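Colleague: Quick one: the structure is below, and I'll ask about it shortly.
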Amino acid sequence: MREGVDFTGWIHLTTSDGPRLSQILLLAIGAYFCFSLALWAQTSDSQTVDANKSWTATTESKSDNINPTRTTESHTQSGNHTIDKQSVQRRASDGHFEPFQDIEKESVQVNADTVRTVTRTFGWANGARTLVQVTEEEKQGLAGGDSKVVRATSNPDLNGNLQLVQREIEETKKTGADAEETKTTVMRPSVNGGMAPAMQVQERRSQGADDTVESQKTTLLPDGSGNWQVSEIRQATTRQEGKNRSSEERVSRPDSEGKLGEVSRTVSKASENASGEKRNTLETHSLDVPGSARDGSLHLIERATTAQRTSSTGQQITEQQVEQPNPGDPSDDLRITTLTTDTVRPGPSGAQATRTVQARDANGGFGVVSVDITKSDNVHAIQVQIAPSQKPK
C-alpha cells in the first residue's frame, strides 16, 4: 500500500520457544529488514546532494498483547562506501529492552558500473550475538544499458561454518528503445550435491504511447522430470495521465488439470488535486472469498482507500481505511476493518513520525491496536507515500 519508505522499519515479533524459534523467525524476516534498510538509504540519498551524509532514526512500538519493540537505524555514507545498520530490541520479562536482531548492510561502489553489497543478519541468544545469514550481491552495468546481478545467500551450519543455500543470477537486456527483458535463475542445493536450478522468472517490460507501461512476468518451476512448467503469469498495465495514474495487474495460475486461469486481479487509481492532496484506491479481486467456496468468478475481497495531505506547517498526514468482506456473511457489502493514520512532523533537528492502527473488534467498534513513534535527525529519512509502486518491476 506504499511507495518509498515505510517509516516503521520493523514488524512485531514474539518468541517463546527459545533461541531456535528466534533463528527461524529471523531467517523468515531477514529479507524484509534488508529491503527496509535499502529503502531508508535510497530515500535519504535522493534528497541530499552532500558527498558525505549520515542519519539515525529510532522507532518505539506499542501494540496490544505484543511486547513493545524498539528499532534503531543508521545510515552513513563516505565517498563510495555506504553502511546501513538496524538494531531491533524487544522488552524482556523484567521490563528492560534486550537485543533481538541486528542487520548490517555494507555497499561499495567499486567503479562506475559495479556495486558490491554484503548484508549480515545477526540474532541474539543467551546474551550473545550469533550470525544467522549472509547475503553477497554484485550488480554490474553492461554495455548498451544491459545489467547483471549475482546474489548469493549463505547460512551457518551447526558448527558455525557458512553454507551456500541460494544463488540468484539476474540478467537484464535491452530489446528495443523502450523495451527490456529480465531473466532470473534461482539455484538451491540439490540432493546430489552442488547447486541446481530451482526456479526461473522471465519478465518483459515495454513502454508505449501516452506513458503506458506493460509487463509480463512468468514464473517457472521444474517438474519431476526436470522440465520447466509455468507456475504463474503476472500481466500488468500502468497508464499515466498528468498527475493521475491507473494500473491493473492480472495473475493467472494453472489449475489441477494444468490449464491456466485468472485467479486474482488488482486495480489501482491514483490522483492529485490542485491543492496537492493525493488519493489512491486499490481494489483486490480474487477467486477465493473468506467464508465461501469458489464459484469460478472473481469477487472483490478488499478495498484500500488512502488520502495524503500536507498542512501549511509542513506536517504530512496520511489516512487509510481497509474494507473487507464479513466472514460471517460473505454476500454482504464490504465493511471497514482497519484504520491507519500516519503523521510526519518536520522539525529544526529532524522529524518525528507517528503511526496509529485501529482495528474492528468483535462488537463492531474500533480500538487502537498499535502505536509506532519514529524519531530521526534527518527529515528526509522519513517519507510516507500514498500507495505501492504500480510500475512493473
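The values are calculated or read from the model by the stated rules, or taken from the named source; none is laboratory data. All values derive from a computational prediction rather than experimental measurement. Counting neighbours? That spans all protein chains shown, and the Cβs are built from the backbone with ideal geometry, glycine included. For the accessible areas, the whole protein counts, side chains as well, though only heavy atoms, and no ligand, DNA or RNA atoms are used. Shrake-Rupley method; radii C 1.70, N 1.55, O 1.52, S 1.80 Å.
Colleague: Amide H of Q315 versus every other amide H placed in the peptide plane: which residues, excluding those fewer than 5 positions away on the same chain, fall under 5 Å?
Modeller: Here the answer is none, since no amide H 5 or more places off falls under 5 Å of that of Q315.
Colleague: Continuing with this model, one more query. With θ set to phi - 60°, apply the Karplus curve 6.51 cos²θ - 1.76 cosθ + 1.60 along the range 146-157 and write out the HN-Hα couplings as whole Hz, x wherever there is a Gly or Pro.
Modeller: Rounded to whole hertz, the list is 6, 8, 9, 10, 10, 10, 10, 10, 10, 10, x, 8.
Colleague: Also, I was wondering about something else. Ignoring ligands, DNA and RNA, what percent of the accessible area of the range 104-205 is carbon or sulfur (1.4 Å)?
Modeller: Numbers: 2730 of 5960 Å².
Roughly 46 percent of what the probe reaches on the range 104-205 is carbon or sulfur.
Colleague: When a/c reaches 1.5 or more, the comparison of a/b and b/c decides; with that in mind, is the range 232-337 rounded, prolate or oblate per its Cα gyration tensor?
Modeller: Details: a/c = 3.82, a/b = 1.65, b/c = 2.31.
Taking the square roots of the gyration eigenvalues as a ≥ b ≥ c, the range 232-337 is oblate.
Colleague: Keeping all protein chains in place, calculate the accessible area per residue for the range 73-115 (probe 1.4 angstrom), answer in Å². It would help to have the intermediate numbers written out before the result.
Modeller: Numbers: 2090 Å² over 43 residues.
On a per-residue basis, 49 Å².
Colleague: Here's another thing I want to ask about it. Enumerate the aspartates and glutamates that K259 could reach by cross-link, defined here as Cα to Cα under 19 Å, with residues fewer than 8 away along the same chain left out.
Modeller: D223, E232, D288, D295
Colleague: Gain in length, D178 to S246, computed as 0.36 nm per residue apart minus the alpha-carbon separation, to one decimal in nm? Display every interim value, and only then the final one.
Modeller: Details: separation 68, 0.36 × 68 = 24.48 nm, distance 1.98 nm.
Residue separation times 0.36 nm, minus the Cα-Cα distance, leaves 22.5 nm.
Colleague: Still on this model: Determine the sum of side-chain charges near L334: Lys and Arg each +1, Asp and Glu each -1, restricted to other residues whose C-beta is under 11 angstrom from that of L334.
Modeller: Working: positive: R303, R335; negative: E283, E302, E323, D332, D333.
Taking every other residue near L334 into account, the sum is -3.
Colleague: List the lysines whose alpha-carbon lies under 17 Å from that of K278, not counting same-chain residues fewer than 8 positions away?
Modeller: Cross-link targets: K243, K269.
Colleague: Assuming a ≥ b ≥ c are the square roots of the Cα gyration tensor eigenvalues, decide whether the range 263-316 counts as rounded (a/c under 1.5), prolate (otherwise, with a/b larger than b/c) or oblate.
Modeller: prolate
Colleague: Moving on to the next point. What spacing in nm lies between the two simple spin-label points modelled at V165 and V110, each 7 Å away from Cα in the Cβ direction?
Modeller: 2.5 nm
Colleague: Keeping all protein chains in the complex and leaving out DNA, RNA and ligands, what accessible area do you get for I317 with a 1.4 Å probe, in Å² to the nearest 10?
Modeller: Answer for I317: close to 30 Å² accessible.
Colleague: Normalise the Debye intensity by I(0) for the range 291-346, one equal point scatterer per Cα, no solvent, then take log10 at q = 0.24, 0.25, 0.28 Å⁻¹ and round to two decimals.
Modeller: Listed by q, the Debye log ratios stand at -0.92, -0.96, -1.08.
Colleague: Can you list residues whose amide H is under 5 Å from D146's amide H, if they're 5+ apart or on another chain and H is modeled 1.01 Å from N?
Modeller: K174
Colleague: Also: Starting from the amide H of E302, placed 1.01 Å from N in the peptide plane, find each other amide H under 5 Å away whose residue is 5 or more places distant or on another chain.
Modeller: Amide H neighbours of E302: T284.
Colleague: May I pose another question? Give me the lysines in straight-line cross-link reach of K375: C-alpha distance below 19 Å, same-chain residues under 8 apart excluded.
Modeller: Correct list for K375: K53, K62, K85.
Colleague: Using a 1.4 angstrom probe on the protein heavy atoms only, line up S107, S54, S271 by accessible area, largest first.
Modeller: Values: S107 25, S54 75, S271 50 Å².
Sorted descending by solvent-accessible area, the residues read S54, S271, S107.
Colleague: Which FRET efficiency value, to the nearest 0.05, do you get for N227 and D329 by plugging their Cβ-Cβ distance into 1/(1 + (r/R0)^6) with R0 = 41 Å? Mind dumping the intermediate values first?
Modeller: Numbers: r = 45 Å, r/R0 = 1.10.
Computed FRET efficiency for N227 and D329 comes out at 0.35.
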